[in-house]
Amino acid sequence: MKFKFFNKNTDKEVKIKENIPQHVAIIMDGNGRWAKSRNLPRFMGHKAGVEAIRNIVKECNRIGVKYLTLYAFSTENWKRPKEEVDLLMSLLLEYLKKEVDELHKNNVVVNSIGNIEKLPEKCQIELKKAYEKTKNNKGVVMSLALNYGGRDEIIYAVKKICARVKNGQMSIDMIDEDMIDKFLFTAGIPDPDLIIRPSGEKRISNFLLWQCAYSEFWYSNINWPDFSPKDLQDAIKDYQKRDRRFGGIK
Ligand code: FPP
């Protein structure tokens, strides 16, 4: 596969190819500000945000990112006005209904993380259908974080582990990092190598709290609807210059 954004020096290209982050996670922020700056209702910002998703998923597939996790709705987003929550849910439904065939054609696995039982039933049904249809695909695994909160996820894992200890299925000594990983919504997905947050904010906002222990962060002032494949390439190029030591030394 050719990566147009890398230079033609073959050695360098191979090296860069080898250093593509396996898992990119994105906090899709700035939809509201994007709309406001154009005198549009906030909803239009979210709609434009869906367009950005489409392009970024394609780019991840093209350059060989294996996992893409998108923060679409947090456990705290329920605090927004009901109309906005309802609109986000209907956008999600429309996205799944309209785009799953195309995503399937592009070899994408449509996954979700978060406590989806609290989403409207129609959304849950479409999410399950999308996953069933695409689960054997070999392209990028796109996980939509929906009603997702890092703390909520940890509580959920702790409860499950405690229940197993209580009924004798497990001993306390068996609890280690790998064990906890298995009880998270992200079980089976490697930790994010690169976390991107556009829109100028520089905080983690309850996203992948356990998993981000050694993630590299990349911020930009671009609002999510304007975030293009070129911005993803810039983030990856910057990531490729980082020296990841995971607490060790070189
Ligand atoms: C943050 O921007 C964005 C969200 C809370 C929702 C993200 C949703 C989408 C991109 C579209 C719907 C998703 C799918 C999967 C169909 P903000 O509204 O907080 O922006 P602001 O900080 O500028 O107000």
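Quick note: the coordinates plus some simple rules give every number you see, no bench work behind them. For clarity, every value in this text was computed on a predicted model and none was experimentally measured. No Cβ is skipped: glycine too gets one built from the backbone with ideal geometry, and neighbour counts run over all protein chains shown.
Over 15 Å from I116 (Cα atoms) and touching an Asp or Glu at 6+ places or on another chain (Cβ under 9 Å) - does that describe any residue in region 163-181? Yes, that holds for at least one residue. Among the conditions (1) in contact with a Pro (Cβ under 6 Å, 6 or more places away or on another chain); (2) within 12 Å of the ligand (Cβ to nearest atom), E59 misses just one, which is (2). Only one entry in D191, D226, D181 is closer than 30 Å to D86 by Cβ and among the charged types (D, E, K, R), namely D226. Counting only residues that are over 18 Å from F185 (Cβ atoms) and touching a helix residue (DSSP H, G or I) at 6+ places or on another chain (Cβ under 6 Å), region 113-125 holds 2 of them.
Filter region 98-117 for residues that are among the charged types (D, E, K, R) and within 11 Å of the ligand (Cβ to nearest atom) and give the result. Listed by number, the residues that qualify are K98, E99.
Yes or no: region 171-184 includes at least one residue that is among the aliphatic types (A, V, I, L, M) and in contact with a His (Cβ under 9 Å, 6 or more places away or on another chain). No. Among residues of region 22-39 that are acidic (D, E), those with a Cβ under 6 angstrom from a residue that is near the ligand (Cβ under 7 Å from one of its atoms) and not in a helix (DSSP H, G or I), sequence gap 6+ or separate chain, pair up as D29/S199. In region 92-114, the residues that are on the phi > 0 side of the Ramachandran plot reach residues that are assigned to a loop (DSSP other than H, G, I, E, B) and aromatic (F, W, Y) with C-beta atoms within less than 7 angstrom, at least six apart or across chains, in these pairs: G114/F185. Close contacts from region 68-79, counting a first residue that is within 15 Å of R197 (Cβ to Cβ) and a second that is among the hydroxyl-bearing types (S, T, Y) and surrounded by fewer than 20 Cβ atoms within 10 Å (Cβ to Cβ), with Cβ to Cβ under 7 Å and a gap of 6+ residues or different chains, come to S74/S205.
Scanning region 31-43 for residues that are near the ligand (Cβ under 7 Å from one of its atoms) and either under 16 Å from the mean Cα position of the chain (by Cα) or polar (S, T, N, Q) (or both) returns a single hit, N31. Scanning region 208-224 for residues that are among the aromatic types (F, W, Y), assigned to a loop (DSSP other than H, G, I, E, B) and touching a Gly at 6+ places or on another chain (Cβ under 6 Å) gives no hits.
Elements of the type helices (runs of 4 or more DSSP H) sitting completely within region 119-205 and holding at least 3 residues that are surrounded by 15 or more Cβ atoms within 10 Å (Cβ to Cβ) and either among the β-branched types (V, I, T) or in contact with a strand residue (DSSP E or B) (Cβ under 9 Å, 6 or more places away or on another chain) (or both): these cover 121-134, 150-166.
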